[in-house]
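Here is the structure we will look at, set down as structure tokens.
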Amino acid sequence: MMFRRLVTLIFVTLIFAACTVTAGAATISVTGLNNNGDSIGQYDIGGQLYWWLCIEPGTPALSNQTITAETYSLHDGWTVQNTERNSIYQSDPFFYAPIVTKQVAVMEYVLDTFLPWNTLAGASGRFLEQSGDYNNFGNNDTFYNAMYAVLDFLGQTEGKPTKYDFTSMADYLDYYAGLGTPVGDARSSIFQSILSDVSSKDSLGFFDTYTAQHYYFTVNTLYPEADVNNWQDGLVIGGFTPVPEPGGALLIASCGIAWTLRRRRIG
């Protein structure tokens with residue numbers, strides 16, 4: 001049993017190392033639509049609109065400007081939001097590999113579950129039926145309430161590089177609790193539901209095998225955190241259909257590496 005766990009850990013680490021070193025990022029032109037510097041909004045990527053949520057708190061939002069950026073899967077993009085953050089994960093990929101994989105599984109579950117895909121994603125599969133006017137973001141609305149509650153969870157997870165145990169959620173703060181407004185109460189209720197659900201499912205080992213039900217990717221600008229070009233990296237809602245992670249070619253290569261290790265171990 002211990003040997004199988006060790007092989008699994010080595011396999012995950014090899015995938016992680018390959019992703020962080022050789023992940024094929026696509027260069028894109030992205031325009032941030034007017035969102036008044038908020039932490040959710042819409043991007044124009046290749047002439048198509050997508051909703052996004054901030055995954056790099058504390059940096060300027062892309063609003064009414066066009067930049068060149070790179071797209072990654074959520075797994076690959078989670079570690080490269082700025083050069084300082086990337087250095088943390090590159091410093092010991094063997095240690096961080098299972099942590100990143102676990103955190104991404106948790107976040108994908110929260111996105112899948114707590115954004116109302118079954119009622120609000122619409123025919124677009126990207127929630128484009130919901131207004132992107134930032135003047136509406138403060139409304140007591142099912143969609144905006146869910147977006148901000150999920151955003152709160154993602155933003156706090158970003159600041160926990162070593163968090164692997166989600167059975168305890170005491171290190172998450174409910175910023176909407178106690179505001180005493182309908183909007184605050186609604187978003188707090190969703191946020192508390194997220195914490196309770198994640199904690200209970202992690203107790204059962206649920207996230208060890210979780211696969212995203214929908215498609216998410218990241219838009220990244222890899223600069224030092226304080227650089228004026230380091231825009232707020234965004235997690236983008238790509239659509240209904242999930243995309244395998246990692247890519248097929250990388251998975252095949254990783255399997256080949258694992259098989260080589262196995263043959264050497266047996267030999």
Exercise for review: Among the residues of region 57-66, write down those that are touching a Gly at 6+ places or on another chain (Cβ under 8 Å) and touching a residue at least 60 places away in the same chain (Cβ under 8 Å).
Suggested key: 57, 60, 61, 62
Revision key, fill the gap. Residue 70 meets each of (1) open to solvent by less than 10 Å² (accessible area, probe 1.4 Å); (2) in a strand (DSSP E or B) with one exception, condition (1)
Revision key, fill the gap. If you go through 132, 180, 138, the only one that is in a loop (DSSP other than H, G, I, E, B) and on the phi > 0 side of the Ramachandran plot is 180
Check your understanding: Residue check: is residue 143 modelled with pLDDT of 95 or more and open to solvent by less than 40 Å² (accessible area, probe 1.4 Å)?
Key -> yes
**Study point:** Inter-residue pairs, beta-carbon under 8 Å, first more than 12 Å from residue 51 (Cβ to Cβ) and of a type in the set (Ser, Thr, Tyr) and in region 117-136, second open to solvent by 50 Å² or more (accessible area, probe 1.4 Å) and modelled with pLDDT of 95 or more, 6+ apart
**Key:** 119/142
Check your understanding: Quick one: how many residues across region 197-214 are outside any loop (DSSP other than H, G, I, E, B), over 28 Å from residue 126 (Cβ atoms) and not charged (D, E, K, R)?
Key -> 3
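To keep it simple, each residue is scored yes or no on (1) without any contact (Cβ under 8 Å) to a residue 40 or more places away in the chain; (2) of a type outside the set (A, V, I, L, M, F, W, C); (3) more than 30 Å from residue 87 (Cβ to Cβ); (4) open to solvent by 30 Å² or more (accessible area, probe 1.4 Å).
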{"position": "156", "(1), (2), (3), (4)": "yes, yes, no, no"}
{"position": "162", "(1), (2), (3), (4)": "no, yes, no, yes"}
{"position": "167", "(1), (2), (3), (4)": "yes, yes, no, yes"}
{"position": "187", "(1), (2), (3), (4)": "no, yes, yes, no"}
{"position": "190", "(1), (2), (3), (4)": "no, no, yes, yes"}
{"position": "198", "(1), (2), (3), (4)": "no, no, no, no"}
{"position": "202", "(1), (2), (3), (4)": "no, yes, no, no"}
Review point. Has region 88-104 got at least one residue that is at pLDDT 95 or above, open to solvent by 20 Å² or more (accessible area, probe 1.4 Å) and within 18 Å of residue 57 (Cα to Cα)?
Key: yes
Review point. If you take the residues in region 35-73 that are under 17 Å from residue 85 (Cβ atoms) and charged (D, E, K, R), which one is farthest from the chain's Cα centre (by Cα)?
Key: 70
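This table checks each residue for (1) modelled with pLDDT of 95 or more; (2) within 16 Å of the chain's Cα centre (by Cα); (3) more than 20 Å from residue 212 (Cα to Cα); (4) not in a helix (DSSP H, G or I).
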residue: 110; (1), (2), (3), (4): yes, yes, no, no
residue: 160; (1), (2), (3), (4): yes, yes, yes, yes
residue: 164; (1), (2), (3), (4): yes, yes, no, yes
residue: 170; (1), (2), (3), (4): yes, no, yes, yes
residue: 173; (1), (2), (3), (4): yes, no, yes, yes
residue: 192; (1), (2), (3), (4): yes, no, yes, no
residue: 195; (1), (2), (3), (4): yes, no, no, no
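Yes/no matrix, rows are residues, columns are (1) over 24 Å from residue 41 (Cα atoms); (2) touching a residue at least 24 places away in the same chain (Cβ under 8 Å); (3) crowded, with 17+ Cβ neighbours inside 10 Å:
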residue: 153; (1), (2), (3): no, yes, yes
residue: 180; (1), (2), (3): yes, no, no
residue: 184; (1), (2), (3): no, no, yes
residue: 194; (1), (2), (3): no, yes, yes
residue: 213; (1), (2), (3): no, yes, no
residue: 216; (1), (2), (3): no, yes, yes
**Study point:** Every pair of residues 6+ apart whose Cβ atoms lie under 6 Å, when the first sits in region 36-51 and is touching a residue at least 60 places away in the same chain (Cβ under 8 Å) and in a loop (DSSP other than H, G, I, E, B) while the second is open to solvent by 60 Å² or more (accessible area, probe 1.4 Å) and aliphatic (A, V, I, L, M)
**Key:** none
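The values are calculated or read from the model by the stated rules, or taken from the named source; none is laboratory data. As the structure is a computational prediction, the values presented were derived from the model and not from experiment. Positions of Cβ are backbone-derived with ideal geometry, glycine not excepted, and every protein chain shown enters the neighbour counts. Side chains are part of the model used for accessible areas, which takes the heavy atoms of the whole protein and leaves out ligands, DNA and RNA. Shrake-Rupley method; radii C 1.70, N 1.55, O 1.52, S 1.80 Å.
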